[in-house]
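Some notes on the structure that comes next.
The values are calculated or read from the model by the stated rules, or taken from the named source; none is laboratory data. Small disclaimer: the values here were computed from a predicted structure and weren't measured. Glycine also receives a Cβ, built like all others from the backbone with ideal geometry; neighbour counts cover every protein chain displayed.
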Amino acid sequence: MSKLELDNLDATEFEEFCFDLLHDMGFVNIDWRKGTALPSSPADRGRDIVAQLQQTDLDGTVRLETWFVSCKHHKRGVPPEKLQGTLAWARAERPNVVLIIASGFLSNPSKDHLADYERNDHPPFRIKYWEQPILKRLVADKAKLLQKYLLQGRRRESEILAAEEVYFDKIWYDRTMVLSKHQSLRERVGEDVMKLMLQETEEVRGKYGAENIGPYNDIEWGMLLGKLSALRWVLGGEWDVLDT
């Protein structure tokens, strides 16, 4: 794993990576406070993830520690002002631990700020931060996590899924347009369904542009089918599954 490979993740993918890492490390009740399916997130009240870690005392008592996790995906060192919201909400809601996970590094002023904050303010929670060297060590034996996000020279699962969607859409669009031109096939499908399908073809045309969705010659059509089949096989399907 290298810094460059982590930089290839966007902010949301880095948060998902942190979520999966915590799960693999044994955290429970993990709540990714994204709040929306959109790339950007609403206010998360100072933490990106809330999780709990089971701890066993010397007398055998089992307790759950609550961790507030803030994920910082910065190409440069994370500055002190980016930590203020997390510390403020932790002061108000009092978790056991505040964890800052940085895809790169905290800036030296940030490390000094955290040290001064602990020494002078005596917060009711512990503060930890994981920078890139710690992340390297934590994921070293986690093959599934590495395969999903970080293996150099290989596509991430999210990229494969996105490509599969593109070829599905283009093949479905072409098949629908052919279907719409044959009255017997339209009657078999039903005019109401056909109407809905044609409405969806407008969405596909707008998504990719009319110049990028055919018509195709025999070689181009064969390439489309082959790519869809290969992508589905990589995702765990059988060869030659070309249903749309």
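Where residues in segment 58-105 are hydroxyl-bearing (Ser, Thr, Tyr) and touching a strand residue (DSSP E or B) at 6+ places or on another chain (Cβ under 6 Å), which of them is farthest from Tyr129 (Cα to Cα)?
Going through the qualifying residues, I end up with Thr66.
Just the residues that are modelled with pLDDT under 95 and assigned to a helix (DSSP H, G or I), please, taken from segment 84-116.
Once the filter is applied, which keeps residues that are modelled with pLDDT under 95 and assigned to a helix (DSSP H, G or I), segment 84-116 yields Gln84, Gly85, Thr86, Leu87, Ala88, Trp89, Ala90, Arg91, Ala92, Glu93.
How about segment 201-244: which of its residues are among the small types (Gly, Ala, Ser) and surrounded by 10 or more Cβ atoms within 10 Å (Cβ to Cβ)?
Scanning segment 201-244 gives Gly214, Gly222, Gly226, Ser229, Ala230, Gly237.
For segment 209-231, give me each residue that is farther than 15 Å from Trp172 by Cα and touching a residue at least 24 places away in the same chain (Cβ under 8 Å).
Leu231
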